[in-house]
Amino acid sequence: MEFNQRSIISIRDFSREEIEFVVGKALEVKQGRWHDALSGKVLASLFFEPSTRTRLSFDAAMVSMGGRVVGFADAGVSSTKKGESLADTIRTVTGYCDVIAMRHPVEGAARLASEVAGVPVINAGDGANQHPTQTFLDLFTIHEEFGRLDGLKVGMLGDLKYGRTVHSLAKALSLFEVEQVFISPPSLRMPEGIIEELRQGGTAFQEVEEIDQVQGALDVLYVTRIQKERFADFQEYERVAGAYRLGHRELSALGGQCRVMHPLPRVDEIKPEVDSGGNAIYFRQAHNGIPTRQALLGLVTGTIS
Amino acid sequence: MTEDRARKVYAIDRGTVIDHIPSPLALKVVEILGVKQEGILTIGINFKSAKLGSKDIVKVENLKLTESVTDRLALVAPTATINIIEQGRVVEKRPIHIPREFHGLLRCPNPKCITNVEEVTTVFHLEGEPPHPAVRCHYCERLYKNPGELVE
Ligand SMILES: [Zn+2]
């Protein structure tokens, strides 16, 4: 399996075996097996739109494994303000780094960058399209919890229409023997295109509107935020969002054992009462961004193999 | 028979005859092939066709269109047949093959796609087979079910 010099642009580019390989490497990293593997390597962290969490996670991943980081935190300070094309910016930056992590508001920007860069590009989010390191860390977290992905039943709750994270997760999980359960208001259902892909691929799934309608117990519930902007009417938003708020009662309806995940930041879609129980794994999930990104940074720069 | 008609009724000595174009797409076909400025064109619209009901025919004189050019018709006129004419005779007859990838042929309708923001040649991947071909944008990864509508 060749990862050296490979760009990480979209979860669609990866087979089941490759995902398992990355997840395995992330576990090795977390266990301390690749201490200082990124020593001497330079990451160009190019954030054409701000995303403090993701940027800090990449920075911390790099620095705590001995690497260094150059870059910018938003496009205001970069040359794009002066009208330079993305391709030219990338060609220039290529000269002083070993790997690029980039976030860009335009869909497909990372793919284009990977085609002109002389070093591997890691997509840290391109608009509504992809954010593959998030998907890898989600998969790593589930795998860490259960020791496997096959045979699990994974629910996704909330805004499944606009949630990039759940689209990629659904796609990735469809490569495994995972039953998927989509719980959302009718106006925020999983897009037809993704449903059709799952159907064609023979993935088992249910679509329901209420938590109480879920058949059987869930192993994992992935919660996403329902945003106010999706509703014309504030009261309608309040009513809908309220119905999908997760607390103890909802958790017991889902079998009581299910692990709760969330890409964070959370607002009020998970009640604080859930934080302290054994169900909540969202903070660990966020921390897993570090070993997952370290594994990917090491793999694509050839320092982890 | 049809082959014979395509040659005889609009007899040309040398060139390419594109037959069995669903009506009324002849002008679109000319546009996609990029042959507007390529010498004499004869365009026939609304002929009776047993297969299609009615069909259009485009004849491009003195130009033998290669497969990679005519295959650009796959999303708009997949039923078209290509006749290469030399010295007044059909020397080659071939159908349209649907390519796995389309370079620079389609425009991505997603305004947030990089291909609509920067100077980039569009690339689309074929997903789903005829008669229901779908294409996915190589950049923004959106899936389109009516790819014929994306032809520039
Ligand atoms: Zn696109």
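In the range B:22-39, what residues are open to solvent by 70 Å² or more (accessible area, probe 1.4 Å) and either within 20 Å of residue B:94 (Cβ to Cβ) or at pLDDT below 90 (or both)? B:36, B:37, B:38 - these are the residues of the range B:22-39 that are open to solvent by 70 Å² or more (accessible area, probe 1.4 Å) and either within 20 Å of residue B:94 (Cβ to Cβ) or at pLDDT below 90 (or both).
Residue count for the range A:81-105 under the criterion of being in contact with a helix residue (DSSP H, G or I) (Cβ under 9 Å, 6 or more places away or on another chain), open to solvent by less than 20 Å² (accessible area, probe 1.4 Å) and outside any helix (DSSP H, G or I): the result is 4.
Answer yes if at least one residue in the range B:91-108 is open to solvent by less than 20 Å² (accessible area, probe 1.4 Å), within 14 Å of the ligand (Cβ to nearest atom), outside the structural domain of residue B:22 (by TED's automatic domain parsing) and not hydrophobic (A, V, I, L, M, F, W, C), and no otherwise. Taking every residue of the range B:91-108 in turn, none turns out to be open to solvent by less than 20 Å² (accessible area, probe 1.4 Å), within 14 Å of the ligand (Cβ to nearest atom), outside the structural domain of residue B:22 (by TED's automatic domain parsing) and not hydrophobic (A, V, I, L, M, F, W, C).
Listed by position, the helices (runs of 4 or more DSSP H) enclosed by the range A:211-291 that each have at least 1 residues that are open to solvent by less than 70 Å² (accessible area, probe 1.4 Å) and within 17 Å of residue A:184 (Cα to Cα) are A:234-243, A:248-253.
For every residue, the table says whether it meets (1) buried (at least 17 other Cβ atoms within 10 Å of the Cβ); (2) in contact with a Leu (Cβ under 8 Å, 6 or more places away or on another chain).
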| position | (1), (2) |
| --- | --- |
| B:125 | no, no |
| B:138 | yes, no |
| B:144 | yes, yes |
| B:152 | no, yes |
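Is it true that residue A:49 is open to solvent by 60 Å² or more (accessible area, probe 1.4 Å), modelled with pLDDT under 95, within 25 Å of residue B:114 (Cβ to Cβ) and assigned to a loop (DSSP other than H, G, I, E, B)? It is false that residue A:49 is open to solvent by 60 Å² or more (accessible area, probe 1.4 Å), modelled with pLDDT under 95, within 25 Å of residue B:114 (Cβ to Cβ) and assigned to a loop (DSSP other than H, G, I, E, B). Can you say whether residue A:91 is within 21 Å of residue A:299 (Cβ to Cβ) and either without any contact (Cβ under 8 Å) to a residue 60 or more places away in the chain or among the acidic types (Asp, Glu) (or both), as far as the supplied structure shows? For residue A:91, the condition - within 21 Å of residue A:299 (Cβ to Cβ) and either without any contact (Cβ under 8 Å) to a residue 60 or more places away in the chain or among the acidic types (Asp, Glu) (or both) - is not met. Quick one: how many residues across the range A:6-16 are under 13 Å from residue A:174 (Cα atoms) and either within 14 Å of chain B (Cβ to nearest Cβ) or part of a helix (DSSP H, G or I) (or both)? The number of residues fulfilling the criteria is 4. Within the range B:109-123, being at the interface with chain A (Cβ under 10 Å from one of its Cβ atoms), in contact with a strand residue (DSSP E or B) (Cβ under 7 Å, 6 or more places away or on another chain) and surrounded by fewer than 18 Cβ atoms within 10 Å (Cβ to Cβ) holds for no residue.
Condition test on residue A:77, is it at pLDDT 95 or above and among the β-branched types (Val, Ile, Thr)? So residue A:77 does not fit the description; no. Taking (1) away from the ligand (no atom under 16 Å from the Cβ); (2) out of contact with any helix residue (DSSP H, G or I) (no Cβ under 8 Å at 6 or more places or on another chain); (3) open to solvent by less than 50 Å² (accessible area, probe 1.4 Å) in turn, residue B:19 satisfies each apart from (2).
The values are calculated or read from the model by the stated rules, or taken from the named source; none is laboratory data. Nothing here was measured: the structure is a model prediction, and the numbers come from that model. As a convention, Cβ positions derive from the backbone with ideal geometry for all residues, glycine included, and neighbour counts pool all protein chains shown. With ligands, DNA and RNA removed, areas are computed over all heavy atoms of the protein, side chains included. Shrake-Rupley method; radii C 1.70, N 1.55, O 1.52, S 1.80 Å.
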